[in-house]
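A short write-up of the structure that comes next.
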Amino acid sequence: MRMRHFIDLYDWSASEISGLLADARQMKGDWAKGIRPLPLGGRILGLIFEKPSLRTRVSFESAMAHLGGQSIFLSSTDGPIGKRESVPDFARTLSQFVDAVVLRVFSQKTVETFAEYGSVPVINGLSDLSHPCQALGDILTLQEAFGEVRGRTLVFVGDCNNVSRSLALICAKVGMKFVLSAPKGYGFDPEFLRSLAVAEPGHQTAEVVDPREAVRQADAVYSDVFTSMGQEAESQQRLAAFRDYKVTQGLMSLAPSHAKYMHCLPAHRGEEVDAEVIDGPQSIVFPQAGNRMHGQKAVLKRLLGSQKGGK
């Protein structure tokens, strides 16, 4: 059987994503009922993080423990990837010690190179280009909010970043419309749109510059920080460009009354979203954060559960 990775959602079909979501819902429901099998007993997950994290680290460590396995965490202070030794050597060595690896890194190339040279499943915990685990948890959250998500519309008020790319792709796979509302110059790059069209010819992805127009048919309004890690030098320029893109109660009032508010966190209240929105009755931000763990449990079980004995 070919080794599977969870590096980019391009590599997973619509039916496979549907299966992961179904598994996540099932495991979340079973856990709440006290049904807690340990299918990954004896397995070890390596967490290799160049970037700081709360949700990604704790959700993966908790997920692995729920499934009966253990985790080992290495941060950049333990030796930056590719600095003390090459990424290929790092991958080949670490593969001798763990059963799977989560990489939270600055460059997508690091994830891809590790997968090329390592001999264990690789999960992308965040890179500059994609954040597939976040997108999976987000759709799980929307399924809980609305039931069937096909035909729903998710509006992302912010720039083309790793989160919005992964959301656009997963929305195409589950039959949702995705709208990016960004200032001119901050929208999707042509290369991504070409790749999306090839992978998902029937996708419903749109770009609407005016956020007031964008949210009018939204079932969910999503925002993220305007300055991501690694973009600190652009902070003032970005704050000026996104001045009119803060999600306020006034903006939410233009969306249908049933619309939900989402954020991948951490949030800067008063910058990309007002406190009355993120802490208000339309917000599903914290169940959304919790669902990271349940989606990742499904990924871990899928990647490791079918392996018998050693790697």
May I ask you to derive the FRET efficiency for Gln217 and Glu144 from their Cβ-Cβ distance with R0 = 25 Å, giving the value to the nearest 0.05? 0.75
Counting alpha carbon pairs within less than 8 Å and at least 6 residues apart, what relative contact order, in whole percent, applies to the range 134-289? 23
Which of Tyr261, Tyr10, Tyr245 has the fewest other C-beta atoms within 10 Å, and how do the rest follow up to the most? Tyr10, Tyr245, Tyr261
I need the phi-derived Karplus couplings for the range 272-287: 6.51 cos²θ - 1.76 cosθ + 1.60, θ = phi - 60°, integer Hz, Gly and Pro marked x. 8, 8, 7, 4, 5, 8, 5, 9, x, x, 7, 6, 10, 5, 7, x
The chain: antiparallel bridges as % of DSSP beta bridges, rounded to 5, reads 0
On alpha carbon coordinates alone, what is the Rg over Rh value for the range 134-289, Rh being the Kirkwood radius? 0.93
Taking the Cα-to-Cβ direction at Glu234 and at Thr77 and moving 7 Å from each Cα, how far apart do the two end points lie in nm? 2.9
Which of the peptides 168-174, 20-26 is most tightly packed, and how do the rest follow, going by the mean number of other Cβ atoms within 10 Å of each residue? 168-174, 20-26
Looking at Val299, Gly250, Val285, which one has the Cα that reaches farthest to the positive end of the dipole of the range 221-311 (charges on Cβ: Lys, Arg +1; Asp, Glu -1)? Val299
Looking at the chain from every direction and averaging, what is the projected area of its Cα convex hull in nm²? 15.7
Taking the highest mean first, how do the peptides 246-254, 100-108, 62-70 order by number of other beta carbon atoms within 10 angstrom per residue? 100-108, 62-70, 246-254
Sequence gap at least 6, Cα distance under 8 Å: using those rules, report the relative contact order of the range 1-141 to the nearest whole percent. 29
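Values quoted throughout were computed directly from the atomic coordinates according to the rules given, and no laboratory measurement underlies them. These numbers were taken from a predicted model, which means no experiment stands behind them. Here the Cβ is made from the backbone with ideal geometry for all residues, glycine too, and neighbour counts use every protein chain on show.
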